[in-house]
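Enquirer: After the structure tokens below, expect a handful of questions from me.
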Amino acid sequence: MHRNDLKSVFVQVLGLILLSSAFLHLIGTSAAQAQPKIVLGAAPDSVAPTQKTTISWEVQGTGKVAHTAVHWDTKPGNPADFTSYAKATPDFAALNPPDDAPKQYVVTFDAPASGTVYYIVHAIVDGKNVYNPEGERKITVGDAMMEKDDAMKKGDAMTQQAGTYGGLDTTMLLGIGAVVVVGVVAVVAVTRRGKK
């Protein structure tokens, strides 16, 4: 190979590396600026009367979380309007300074003496309302059978929650970029050798 051919291949490979890096940065930036969403974690389907009830969730994506809460009532509400529920958990009602998403939250409140708890999880992220995508959920308030069911549900909820973190990460993007660059370099090298 002549010196000019080597120089030309080097310039082309360098250009491809820079182009790949720019592409990976663009993909990484758009993934990092993902829209906020709420992913529910552990929550019981039923509880004993007046039992402490714990619900967990994560606000995913990016943005500033100024408020997030479980809004609930003993009658159904409008799952797209947090004000249609009479009660809300106070723990994260006013976050000053706001939390950076993603962030996990856990609240505990006392179940009523009987009936059904209807609830949604709501957050205000960058001034916009965000709701759990499943819509209104419910918890039946009843006697006994709880402890065994709760233990099983917590295990299921953790498995489900672990499955929700399947987004692109920087390590994977860099690995894909490296494979693309090596492949392009190999094709260019083989093509150059074939022209001799």
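Enquirer: Could you please give the count of residues in region 34-70 that are under 16 Å from G115 (Cβ atoms) and touching a Leu at 6+ places or on another chain (Cβ under 8 Å)?
Expert: 0
Enquirer: Among all residue pairs at least 6 apart or on different chains, which show Cβ distances below 6 Å where the first residue, located in region 113-135, is closer than 14 Å to G61 by Cβ and in contact (Cβ under 8 Å) with a residue 12 or more places away in the chain and the second is among the hydroxyl-bearing types (S, T, Y) and outside any loop (DSSP other than H, G, I, E, B)?
Expert: Listed by first residue and then by second, the contacts come to A123/T68.
Enquirer: Could I ask something else about it? With W57, W72 as the choices, which residue is over 17 Å from P133 (Cβ atoms) and crowded, with 21+ Cβ neighbours inside 10 Å?
Expert: W72
Enquirer: Moving on to the next point. Would you mind telling me which numbered condition in (1) touching a strand residue (DSSP E or B) at 6+ places or on another chain (Cβ under 7 Å); (2) among the polar types (S, T, N, Q); (3) closer than 20 Å to P133 by Cβ T83 fails?
Expert: With (1) touching a strand residue (DSSP E or B) at 6+ places or on another chain (Cβ under 7 Å); (2) among the polar types (S, T, N, Q); (3) closer than 20 Å to P133 by Cβ applied to T83, the lone miss is (1).
Enquirer: Which of the following residues is over 30 Å from V180 (Cα atoms), surrounded by fewer than 14 Cβ atoms within 10 Å (Cβ to Cβ) and at pLDDT 95 or above: P49, P112?
Expert: P49
Enquirer: Is there a residue being under 30 Å from G142 (Cβ atoms) and outside any strand (DSSP E or B) anywhere in region 56-75?
Expert: Within region 56-75, one or more residues are under 30 Å from G142 (Cβ atoms) and outside any strand (DSSP E or B).
Enquirer: Do you know which of the residues in region 94-109 that are among the aliphatic types (A, V, I, L, M) and farther than 22 Å from P44 by Cα is surrounded by the fewest Cβ atoms within 10 Å (Cβ to Cβ)?
Expert: It comes out as A94.
Enquirer: Residue under question is Y118, and the condition is that it be under 19 Å from L40 (Cα atoms), within 15 Å of the chain's Cα centre (by Cα) and aromatic (F, W, Y); does it hold?
Expert: Judged against the criteria, Y118 is not a match.
Enquirer: In a loop (DSSP other than H, G, I, E, B), buried (at least 20 other Cβ atoms within 10 Å of the Cβ) and either within 22 Å of the chain's Cα centre (by Cα) or not acidic (D, E) (or both): which single residue out of P79, P90 fits that description?
Expert: None of the others qualify; the one that does is P79.
Enquirer: Give D45, D91 a once-over and let me know the one that is in the same structural domain as V125 (by TED's automatic domain parsing), of a type in the set (D, E) and farther than 21 Å from P133 by Cα.
Expert: Unique residue meeting the criteria: D91.
The values are calculated or read from the model by the stated rules, or taken from the named source; none is laboratory data. All of these numbers come straight from a predicted model, not from anything done at the bench. All Cβ positions, even for glycine, are placed from backbone atoms using ideal geometry, and neighbour counts span all protein chains on display.
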